[in-house]
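> Sharing a structure, written as structure tokens. Questions coming.
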Amino acid sequence: MRVEQLTCAIGAELVGVNLADAIHDDSLFAGIRAALLEHRVLFLRDQDISRAEHVAFARRFGSLEDHPVAGSDPEHPGLVRIYKNPDQPNDRYENAWHADATWREAPQFGAVLRCVECPPVGGDTMWANMVLAYENLPDHVKTQIADLRARHSIEASFGAAMPIEKRLALKAQFPDAEHPVVRTHPETGEKVLFVSAFTTHFTNYHTPARVRFGQDANPGAGELLRYLISQAYIPEYQVRWRWKPNSIAIWDNRSTQHYAVMDYPPCHRKMERAGIVGDKPY
């Protein structure tokens, strides 16, 4: 296996690897996992693997989970089908910077995403290094956010376009989760900026240290949250991947965010993602 770094901040391509071999080869899998912790997102070309092999490889990292809105392959639970077609011009749930499933109490560890079909041009995906985003914050901002917590909502994102009955049922099934604004990576100990498009508001901003009068709370909190979310937009923290059929991305959802670029209508784009169950952030 050869690891070719793609940017100074994030991302590497694995060359000379067949992921199907890593299902049974402990040494190869250990090398892939170590590269994932180092580079945060890994890419591979020409991985002509079956859905069963896709799922089996992803399960080496942990149990898989379905998505309550995006459907899974009926024969392979946990393999979510992200299929876009010209008849869905307004289906744009992915084109915002986010970490997957932060609206869960235990957001995903990561994911293994395979391209089944893609446009000849367009439909790239970008990832951002949220450890670097935290490290480069001004010191006074780090002090300000050290103890802050925030809500993450599926109702306000995936549920927003639903009829009210379905939206409220979705919220009842998945109440808004509360997470630290700065989480600690459970394996590396790194600090991670952990707010994204799923984040709606801080839950403990309104304290005497931050708010003189009630009027301070909403603009102060809102402006700070927008500033923090915008850190993922900085190109120096990013890598961009151009898809081809049978290309694969593996990412650490705990330390990255990603953005699927919707610049390809009226083409088809079919992706299949195995999302791996994660842990509760602290």
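Each reported figure results from applying straightforward, stated rules to the coordinates on display, with no laboratory input. Computed from a predicted structure; not experimentally measured. Reconstructed Cβ throughout: ideal geometry from the backbone, glycine too, with neighbour counts over all protein chains shown.
> In nm, to one decimal, how far is the Ala160 label point from the Glu105 one, both placed 7 Å along Cα→Cβ?
So the label points at Ala160 and Glu105 sit 2.7 nm apart.
> Provide the packing ranking of 243-255, 44-56, 112-124, i.e. peptides ordered by the mean count of other C-beta atoms within 10 Å per residue, highest first.
243-255, 112-124, 44-56
> Could you pull out every one of the lysines with an alpha carbon less than 30 Å from that of Lys142, ignoring same-chain neighbours closer than 8 positions?
Excluding near neighbours in sequence, the set is Lys191, Lys280.
> Okay, moving on. Between Val15 and Thr143, what FRET efficiency follows from the Cβ-Cβ distance if R0 is 51 Å, with the result rounded to 0.05?
Efficiency for this residue pair is about 0.75.
> Mind checking which aspartates and glutamates have their Cα closer than 14 Å to the Cα of Lys171? Skip sequence neighbours fewer than 8 apart in that chain.
Result set, ordered by chain and number: Glu105, Glu155.
> Give me the Debye-computed log₁₀ of I(q)/I(0) at q = 0.10, 0.13 Å⁻¹ for region 142-282, equal point scatterers on Cα only, no solvent, two decimals.
-0.46, -0.76
> Now for a separate question. Take the Cα radius of gyration of region 35-110 and divide it by 2.2 N^0.38 Å, with N its residue count; two decimals is plenty.
Cα Rg divided by the expected 2.2 N^0.38 Å: 1.24.
> Between Leu168 and Arg2, 0.36 nm times their residue separation minus their Cα-Cα distance comes to what?
Gain on stretching Leu168 to Arg2: 54.9 nm.
> Write down the radius of gyration of the chain and its Dmax, each obtained from C-alpha positions, in Å.
Rg then Dmax for the chain, in Å: 19.0, 61.
> Can you list the aspartates and glutamates whose alpha carbon is less than 15 Å from that of Lys244, not counting same-chain residues fewer than 8 positions off?
The qualifying aspartates and glutamates are Glu13, Asp46, Asp48, Glu117, Asp124, Glu272.
> Related question: Please give the length that would be gained between Asp216 and Asp87 if that part of the chain were fully extended, namely 0.36 nm times their separation in residues minus their C-alpha to C-alpha distance (nm, one decimal).
Roughly 41.9 nm would be gained on extension.
> What is the distance in Å between the Cα centroid of region 95-170 and that of region 59-88?
Centre-to-centre (Cα) distance: 17 Å.
> Say a paramagnetic label sat at a point 7 Å from the Cα of Val261, along Cα to Cβ; which residues of region 106-129 have their backbone N under 14 Å from it?
Output list for this probe position: 119-128.
> May I ask for the net charge around Leu36, where only other residues with Cβ less than 13 Å from the Cβ of Leu36 are counted and Lys, Arg are +1 while Asp, Glu are -1?
Here the count lands on 0.
> What is the projected area of the convex hull of the Cα atoms of region 107-175, averaged over all directions, in nm²?
Reported value for the Cα convex hull: 8.3 nm².
> Which three semi-axes in whole Å describe the equivalent ellipsoid of region 131-212, each the square root of 5 times a Cα gyration tensor eigenvalue, listed largest first?
After diagonalising the Cα gyration tensor, the semi-axes are 28, 17, 10 Å.
> According to the Kirkwood expression over distinct Cα-Cα pairs, how big is the hydrodynamic radius of region 1-137, in Å?
16.8 Å
> Apply 1/(1 + (r/R0)^6) to the Cβ-Cβ distance of Tyr227 and Lys280, taking R0 = 25 Å, and write down the FRET efficiency to the nearest 0.05.
E(calc), rounded to 0.05, equals 0.45.
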